[in-house]
1. I want the local charge near ASN371. Using Cβ-Cβ distances under 13 Å, sum +1 for each Lys or Arg and -1 for each Asp or Glu among the other residues.
2. What's the center-to-center distance, using Cα atoms, between segment 230-247 and segment 271-322 in Å?
3. Starting from the Cα-Cα distance between TYR33 and ARG258, subtract it from 0.36 nm times their residue separation and give me the gain in nm to one decimal.
4. Arrange the peptides 60-73, 262-275, 388-401, 301-314 so that the one whose residues have, on average, the most other Cβ atoms within 10 Å appears first.
5. Which values, in whole Å and largest first, are the semi-axes of the equivalent ellipsoid of segment 222-430 obtained as the square root of 5 times each eigenvalue of the Cα gyration tensor?
6. Per residue Cα convex hull volume for segment 247-312, in cubic angstrom?
7. Taking 60 Å as R0, compute the FRET efficiency from the Cβ-Cβ separation of ALA72 and LYS228 and round it to 0.05.
8. Straight distance only, please: which lysines reach the Cα of LYS263 with their own Cα at less than 29 Å, same-chain residues fewer than 8 apart left out?
Amino acid sequence: MATTITMPQLGETVTEGTVAQWLKKVGDTVEKYEPFVEVSTDKVNAEVPSPVTGTIREVLVKEGETVATGAAIAVIDEVGAAPEAPPAAVAPAAAPAAAAAAPPSSNGHAAKTQAISAAAPATGGGTPDEALRAASPAVRRLAREHQIDVRAIIGTGANGRVTAEDVLTAAQMGPAAAVGQAIAVGTNFGATGAPASGTSTYGEPIPGTIVPLNQARRIIAQRMVESKHTAPHAWSMVEVDVTNLWKWRTREKDRFERETGYKLTLMPFFIRAVVESLAAFPLMNAKFTAEGIYVNKDVNIGIAIGLATNLVVPVVKHADQLSIKGLAIAGGELIEKARKGKLGVDDLAGGTFTVNNNGANGSYASAPIINAGQAGIVTMEAVVKKPVVLENDAIAVRSMMNCCLSLDHRVVDGYVASGFLADLKKRLEKMGPDGVL
């Protein structure tokens with residue numbers, strides 16, 4: 001006896017669903033209540049259990065195809081029933097026959113990993129649409145949470161399938177390094193003869209060799225190009241007198257490290273001033289969408305952290321609700337996790353604005369690339385002692401720091417951006433030399 005499986009209605013108002021992934025292929029056996037297909041809608045992703053025990057006779061809908069609820073998607077021959085020949089009118093194209101000829105998987109995990117659309121197999125060299133079909137609903141949901149385009153990822157799973165790890169790698173690449181940090185390594189200029197011995201890597205490049213692009217470097221290159229191509233970048237800079245702030249931090253840093261175990265840098269002071277300026281200029285905490293400019297309710301600050309082989313941008317959630325001490329501890333925890341490779345999904349999600357400390361490496365000015373889905377990124381540059389003319393025309397040696405802002409000109413104009421920077425400058429210059437963390 002043949003049982004026709006239909007697209008379930010996953011939600012009261014749902015009228016259609018998409019076959020995301022076949023967990024079984026033609027010819028495979030399936031137990032009653034065993035998931036055999038993953039379907040997705042605009043509201044939910046779910047595995048569909050088989051209502052009977054039997055053998056998959058045919059699949060009527062390809063992976064990635066959307067059909068109305070109630071539409072037939074597969075036929076299962078129940079166990080013990082004589083197989084029936086499929087009617088000629090509904091016989092699918094020749095491709096399912098090829099799928100049926102494939103050897104069955106030795107275990108359930110392999111079956112799930114190797115399940116590929118019979119009519120449109122997805123491989124690493126396939127089209128972007130095939131890459132989309134090759135990602136499970138859970139992976140695509142993870143990608144949406146991190147604002148990652150699955151079609152831009154080269155999958156490392158079986159048959160080129162995009163995995164959750166691929167998405168997390170893409171998320172870790174996040175934003176926003178300086179423009180120079182986004183250059184994809186791999187062109188061998190003028191090399192002659194045999195390459196040098198050893199393996200050349202991004203962390204340890206060998207002159208005269210090609211550094212292979214791992215997944216992280218590919219994602220960095222893709223996302224930086226996408227950001228520059230999509231968002232019209234504009235740039236502005238102010239010079240800030242942080243003399244009193246520097247004195248405050250110097251006075252507190254030893255005690256803070258003894259009590260918390262984390263170093264007290266200028267970053268938490270900077271973030272505190274940034275979130276206060278975002279409150280005064282909420283358009284800087286917004287993003288451009290097809291429907292309009294969405295102003296974020298939460299203030300979640302991404303901290304760009306450069307590692308030996310890549311860049312990660314973990315997020316301090318609800319940064320506007322934290323004191324300077326709280327920001328220092330939260331930031332210290334994220335930096336520690338980043339350096340140990342322990343960042344999780346939640347650590348990387350939800351950023352609404354990004355800060356970057358280019359000054360740690362002596363940078364005087366930089367033009368960082370905006371993190372996709374945000375309106376701006378602001379940098380702290382190196383603190384430099386220099387002679388400054390004060391208001392009474394006296395000349396004094398002061399600790400000066402540049403703050404550089406890259407902005408999405410679709411979201412904010414120069415008036416808003418310059419106002420934000422001026423406000424940030426004012427707040428930083430009011431900090432210290434005394435205060436409470």
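What follows is calculated from the coordinates using simple rules that are stated; it is not laboratory data. Keep in mind the model is a prediction, meaning the values are calculated, not measured. Cβ atoms come from the backbone with ideal geometry, glycine included; neighbour counts cover every protein chain shown.
1. My count for the surroundings of ASN371 gives +1.
2. 16 Å
3. 75.3 nm
4. Final packing ranking: 262-275, 301-314, 60-73, 388-401.
5. 26, 23, 16
6. In segment 247-312, the Cα hull volume divided by residue count equals 126 Å³.
7. It comes to 0.85.
8. The reachable lysines, counting only those whose Cα sits under 29 Å from LYS263, are LYS247, LYS253, LYS317, LYS325, LYS337, LYS340, LYS342, LYS385, LYS386, LYS425, LYS426, LYS430.
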